[in-house]
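Written out below as structure tokens is the structure these notes cover.
Readers should treat all values here as calculations from the given coordinates under stated rules, not as data from a laboratory. The structure displayed is predicted, hence computed values, not measured ones. Using ideal geometry, Cβ is built from the backbone for each residue, glycine included, and neighbour counts are taken over all protein chains shown.
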Amino acid sequence: MIKKELKVLICDDSILVRKKLKDALEQAECKNILEASDGQVAVNMCKKYRPDLVFLDIVMPNKDGIQALTEIKEFDQSINVVMASSAGTQTYLKQAIKLGVYDFLQKPLTSDAVSELMNRFIKARG
Amino acid sequence: MFSQYFGHYLLNKRLINLLQLQDVLELQKSNHVKLGILAINEGFMSVEQVDETHEKQMLMDKKFGEIAIELGFLTEDQLEILLTAQNKSHLLIGQTLIDRGYLTLKQYSEALINYKKDHSLSDEQFQNISNGDIETLINRTLTVGHPYLRDVYIDYLSLFAKNMIRFIDDQTHIEAQPFTEPEIIPWLVTQKISGDMHLWTGIATDESLFLHIASKFAQEEFDQPDEYAQASISEFLNLHNGLFLVNMSNQNIELDMEPQKVHQDAQLIPDTLGYIVSVHSSSRTFYLILSNQLQYV
């Protein structure tokens, strides 16, 4: 699979973070990018669009990232989720790992970190 | 970092004016610290001894250190320490103040002594501060008596000072004051932290500085407080608080935080255990609110 074919969902309540992350993904040659502004919207979009990869913030209104991760994995274990948050506490990390998270990115996100993760993801999928 | 704090101390004491402070902070970046200043900072030589050494130096082709040793003002070991410290940037402010004629050597020496005295600093604490230990400085300025809150506030404010430098402005300087007067805030971004303890945090500012901070953090120019500008300030607070949660988590204190909220024309209700922290950035000031029972209307 090549990056252009990947369907990536960005979920963050910050419009600025979504914009920056989208720019970084486009730089990394990802073209099929969806956006959600909270955990509930992300869960709904996962059910509707079945993304290959989800970038999920943790602290969000309506439904936080851990709860959204739980529901996404209950619905479809094969959806890969990257937690992208400034709050990488031990509690959150343990919960996310237990729920089968693909990776954790510490904010502030950089283009390099996003690009490296995407390359690794593509390589792992063959 | 010491330069910002000592420079603002001089400003508050009216020993220099704002333009001189800005000039000094700019110039010191490229200045080179002289051994006489270092010797006074370290307490190895008096002002009179440095002046005498300078006078001799004008009459002979020898270096300051050699003459000071010949005159018995310095030992070899002390000179070694001074030479090692000469490259430390935090002492440049003294050199720059004197080179520009804003302070005499004597005024500078007295200001340093008074700075230590006003902040109740031991020589060791002063050395730590001048070497960039922000925790020690903030510890000396906080007056909250509750020991647990005090430690948390020190951690929080020290990290905030570092994050301001990292993400917004490397010329940042912060001052904590007890939070006792009601304030009307044009723009207030808040975030509540809960878990093993409760903290209310907020960034309070006028519109002009709101846009300035938003632009700096997002690395793009905002001329209106639109949703992107609001998101930028919110994300800066969220990022800082998230990093604070990670630090606390590493100390086995597990905390959580709520999504940020943006308020316009909010009035803060004073909290005797809280602080309103002046954050000086690019010659302007905004406020960081830190409280365990913040309320606003």
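Using Cβ point charges alone (K and R +1, D and E -1), the dipole size of the stretch B:146-293 about the Cα centre works out to roughly 360 debye. Looking at the protein assembly as shown, the DSSP beta bridges with both ends there are about 70 percent antiparallel. The alpha carbons of the protein assembly as shown stretch over 85, 52, 42 Å along the principal axes, in descending order.
Straight-distance candidates among the lysines for linking to A:Lys63, with alpha-carbon spacing under 26 Å and chain neighbours fewer than 8 residues away dropped: A:Lys7, A:Lys19, A:Lys20, A:Lys22, A:Lys47, A:Lys48, A:Lys73, A:Lys94, A:Lys98, A:Lys107, B:Lys192, B:Lys261.
Would you work out the relative contact order for chain A, in percent, from Cα pairs under 8 angstrom that are 6 or more residues apart? The normalised contact order for chain A reaches 26 percent. Select from A:Asn32, A:Asn62, A:Asn80 the residue whose mean-square fluctuation is largest in a Gaussian network model of chain A (Cα-Cα springs shorter than 10 Å). Of A:Asn32, A:Asn62, A:Asn80, the Gaussian network model singles out A:Asn62 as fluctuating most.
For the stretch A:47-102, averaging the sequence separation of C-alpha pairs within contact (under 8 Å, six or more residues apart) and dividing by the residue count gives a relative contact order of 40 percent. Within the same chain, aspartates and glutamates fewer than 8 places from B:Lys62 are excluded, and of the rest, those with a Cα less than 16 Å from its Cα are B:Asp51, B:Glu52, B:Glu70, B:Glu76. Maximal additional length on extending the B:Glu110-B:Asn247 stretch stands at 45.5 nm, based on 0.36 nm per residue less the C-alpha distance. The amide H of A:Met60, built 1.01 Å from its N in the peptide plane, has A:Gly65 as neighbours under 5 Å, considering only residues 5 or more places off or on other chains. Here's the list of lysines a cross-link from B:Lys117 could span, going by alpha-carbon distance under 28 Å and ignoring same-chain residues fewer than 8 apart: B:Lys13, B:Lys29, B:Lys34, B:Lys88, B:Lys106, B:Lys162.
PRE reach from B:Gln219 (point 7 Å along Cα→Cβ): which of the stretch A:14-50 fall under 20 Å by backbone N? Residues A:14-30 fall inside that zone. For the stretch B:68-83, putting each phi into the Karplus relation 6.51 cos²θ - 1.76 cosθ + 1.60 with θ = phi - 60° gives couplings of 4, 5, 4, 7, x, 8, 10, 9, 4, 4, 5, 4, 4, 4, 5, 5 Hz, in residue order, rounded to whole numbers and with x for Gly and Pro. Give the residue from B:Leu290, A:Thr91, B:Ser158 lying farthest towards the positive end of the charge dipole for the protein assembly as shown; charges sit on Cβ (+1 for Lys and Arg, -1 for Asp and Glu) and the dipole is referred to the Cα centre. It is A:Thr91. In the elastic network of chain B, a GNM with C-alpha springs shorter than 10 Å, the most mobile of B:Tyr153, B:Tyr275, B:Tyr102 is B:Tyr102.
Counting, for every residue in B:216-224, the Cβ atoms of other protein chains within 10 Å of its Cβ and taking the mean gives 1. Based on C-alpha pairs under 8 angstrom that are at least 6 apart in sequence, chain B has a relative contact order of 18 percent.
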